[in-house]
Amino acid sequence: MKRRSPMLMTIVAFGYALLYVPIVSVVIYSFNGSRLVTLWGGFSLRWYASLLADKDLLGAALLSLRIAIVSATFATALGAIVALALHRVNRLRGRLLLSGMITAPLVMPEIITGLSLLFLFISMADLIGWPASRGATTITIAHITFSMAYVVVVVRARLAAMDESLEEAAMDLGGRPVAVFFDITVPMLLPALVSGWLLSFTLSLDDLVISSFVSGPGATTLPMLIFAKVRLGVTPDINAITTIIIALVVIIVVAATIISGRRGPVAARPADAGGQ
Amino acid sequence: MSDGTTNDGGHSLRWLRRMVTLPYLWLLLFFLAPFLIILKISFADPIVAQPPFTALLEWGEQGFTGLKTTFENYAFLFQDGYYGIIYLASLKMAGIGTLLCLMLGYPMAYFIVRQPPRRRQILLLAVILPFWISFLLRVYAWIGLLNNRGLINNFLISIGVIDHPLTMLYNDFAVYLGIVYSYLPFMIMPLYANLERLDLDLLDAAADLGARRWQAFVDVTVPLSVPGIIGGCLLVFIPAVGEFTIPALLGGADTLMIGRVLWDEFFINRDWPVASAVSVVLVLLLVAPILWFQRLQRREQEAAP
């Protein structure tokens with residue numbers, strides 16, 4: 001059974017190296033004392049110190065975090081409702097339109113989503129005077145819209161695998177629908193809700209293209225700031241930011257995996273992509 | 001939404017029906033309406049104003065008086081060969097990137113499936129993990145590696161393979177590398193899911209019956225994994241066509257990809273009607289692969305136990 005072809009092993013090793021070498025190199029060079037990014041100037045934390053002194057950067061990071069938390073929360077709530085309705089309600093009015101609108105953002109090029117939302121906000125401002133200016137609010141709305149689609153995929157996968165007899169039993173025993181929903185359905189869906197929230201959170205925190213379109217003067221998110229800096233090449237303080245983000249992600253993912261068991265949130269991300 | 005007195009599960013679903021109105025309206029307003037607006041603007045004339053395009057619908061005292069459209073933006077796209085070249089170049093870049101991704105992803109998926117369950121889990125997790133780290137920052141990481149004075153060139157020079165640094169950054173090579181690197185997990189996951197369902201014993205039987213290993217692979221494994229191959233390729237190809245970040249950070253000035261051109265058209269040239277027309281054509285180009293992918297997914301779902 002286990003034949004090992006040297007060629008296969010080489011390709012696989014190359015593939016994993018491709019996935020990890022860039023990340024590892026950035027982490028190592030974030031501790032580089034030299035300003036020249038490619039020369040090793042000894043271990044140093046100077047880039048981390050310079051991050052703390054960078055007010056623009058801290059502001060952008062805080063703004064991004066705020067947007068990510070709010071949009072992930074709304075996206076999870078709205079997405080869960082859509083997933084439940086598509087899964088449970090047989091004769092849903094406009095089901096086709098709803099399921100079309102909720103899958104389309106997954107495949108729509110970001111640049112078009114961004115452009116079209118900007119046009120909407122401009123038209124709305126023209127028509128009803130809201131939003132008067134673009135910024136954190138419009139970015140949050142945009143992020144809720146595309147994150148919802150991912151939440152629906154994750155929650156639907158969970159619903160498909162879920163045993164509904166417990167809810168039926170509770171209902172038969174006279175439980176009120178709302179009580180049954182919060183006492184039984186929500187706890188059973190919790191792993192998917194956590195996955196969906198984390199997925200939305202990371203997508204929001206990472207979004208450059210859509211935010212760039214729907215943002216206005218004064219609202220610069222972290223990816224927008226990073227993009228402006230790295231367009232000019234490698235800058236050591238970005239290495240430090242990357243390392244901090246990697247550390248946070250690893251902690252969150254590991255914790256979430258432990259909490260929610262084997263089929264944790266880590267497994268959910270390719271599920272949305274692979275549609276399996 | 002009507003109230004759910006008709007059937008399906010009785011009163012318990014009534015409030016779900018009501019609740020779903022909220023996300024429904026949300027999507028109508030923030031997903032469908034924007035798209036209709038972009039369609040509308042693509043038929044408008046550019047003017048020097050805010051917003052910089054003419055109104056499409058004219059409202060008189062008796063209400064709606066006429067529809068003002070111009071096909072000029074589209075005519076411009078097709079007459080001016082520039083955009084045709086860019087669309088073709090984007091399709092080519094995405095296509096080649098997808099093939100390279102398949103050439104790397106297929107052996108990896110094949111290898112992972114053949115491992116014992118525990119190791120399989122770990123290897124799969126290792127494929128997915130980078131995905132949780134910012135896409136932008138992962139693309140950025142390549143700048144430091146591919147630079148003329150970057151890690152790869154320094155390494156190659158130090159071991160004496162080359163004298164002069166290779167130009168690996170700000171060209172098409174870097175963009176292909178970026179596509180393969182960024183979308184590799186999208187390729188591996190559907191391939192893995194497909195290969196996992198195949199009966200590997202069948203393949204071993206073919207080998208036992210005297211088929212050479214390579215021949216058994218080509219005659220048996222590859223044909224059986226076609227759905228996984230198509231699924232993975234579409235998952236890479238569809239987002240790669242409209243990709244912005246990778247060509248913007250790793251591509252050269254002559255790397256033409258539609259996502260980047262659209263960005264410039266909008267932010268630099270500020271020609272919104274043309275940018276809208278470019279978007280509409282891009283969506284039309286992607287409709288076929290998207291529908292193909294959805295059909296594939298439906299069939300997979302029906303086939304799954």
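The values are calculated or read from the model by the stated rules, or taken from the named source; none is laboratory data. Only a predicted model underlies this, so the values are computations on that prediction, with no experimental measurement involved. FYI the Cβ positions are ideal-geometry reconstructions off the backbone, even for glycines, and counts take in every protein chain you see.
Here are some notes:
- Across the range B:267-276, not a single residue is classified as of a type in the set (D, E), without any contact (Cβ under 8 Å) to a residue 24 or more places away in the chain and assigned by TED's automatic domain parsing to the domain that holds B:C101.
- Criterion (surrounded by 15 or more Cβ atoms within 10 Å (Cβ to Cβ), more than 24 Å from A:F201 (Cβ to Cβ) and of a type in the set (V, I, T)) met by exactly one of A:V70, A:V21, A:V26: A:V21
- Test: residue in the range B:179-188 that is more than 11 Å from chain A (Cβ to nearest Cβ), crowded, with 17+ Cβ neighbours inside 10 Å and among the polar types (S, T, N, Q): no
- If the condition is being within 11 Å of chain A (Cβ to nearest Cβ) and not polar (S, T, N, Q), then the range B:238-251 contributes B:I238, B:P239, B:A240, B:V241, B:G242, B:E243, B:F244, B:A248, B:L249, B:L250.
- When the range B:266-281 is limited to residues that are crowded, with 22+ Cβ neighbours inside 10 Å and not small (G, A, S), the one that is nearest to B:V139 (Cα to Cα) turns out to be B:F266.
- A:R156 in contact (Cβ under 8 Å) with a residue 12 or more places away in the chain, basic (K, R), more than 22 Å from A:R88 (Cβ to Cβ) and surrounded by 16 or more Cβ atoms within 10 Å (Cβ to Cβ): no
- One residue stands out in the range B:10-54 among those that are more than 20 Å from A:S99 (Cα to Cα) and within 7 Å of chain A (Cβ to nearest Cβ): the one that is modelled with the lowest pLDDT, namely B:H11.
- Evaluation of B:G251 against the conditions (1) at pLDDT below 90; (2) crowded, with 18+ Cβ neighbours inside 10 Å; (3) closer than 20 Å to A:S212 by Cβ; (4) not hydrophobic (A, V, I, L, M, F, W, C) shows that the sole unmet condition is (1).
- Every residue from the range A:103-136 that is among the aliphatic types (A, V, I, L, M), touching a Gly at 6+ places or on another chain (Cβ under 8 Å) and touching a residue at least 24 places away in the same chain (Cβ under 8 Å): A:I111
- When B:G259 is tested against (1) in a helix (DSSP H, G or I); (2) more than 9 Å from every other protein chain (Cβ to nearest Cβ), only condition (2) is not met.
- A:G59 vs. criteria touching a strand residue (DSSP E or B) at 6+ places or on another chain (Cβ under 7 Å) and either at pLDDT below 95 or farther than 20 Å from A:A228 by Cα (or both): no
- The set of residues in the range A:146-186 being among the hydroxyl-bearing types (S, T, Y) and within 22 Å of B:R17 (Cβ to Cβ) consists of A:T185 alone.
- The set of residues in the range A:204-235 that are in contact (Cβ under 8 Å) with a residue 60 or more places away in the chain, in a helix (DSSP H, G or I) and surrounded by fewer than 22 Cβ atoms within 10 Å (Cβ to Cβ) comprises A:M224, A:L225.
- Residue in the range A:62-77 that is at the interface with chain B (Cβ under 7 Å from one of its Cβ atoms), on the phi < 0 side of the Ramachandran plot, in contact (Cβ under 8 Å) with a residue 12 or more places away in the chain and within 29 Å of the chain's Cα centre (by Cα) present: no
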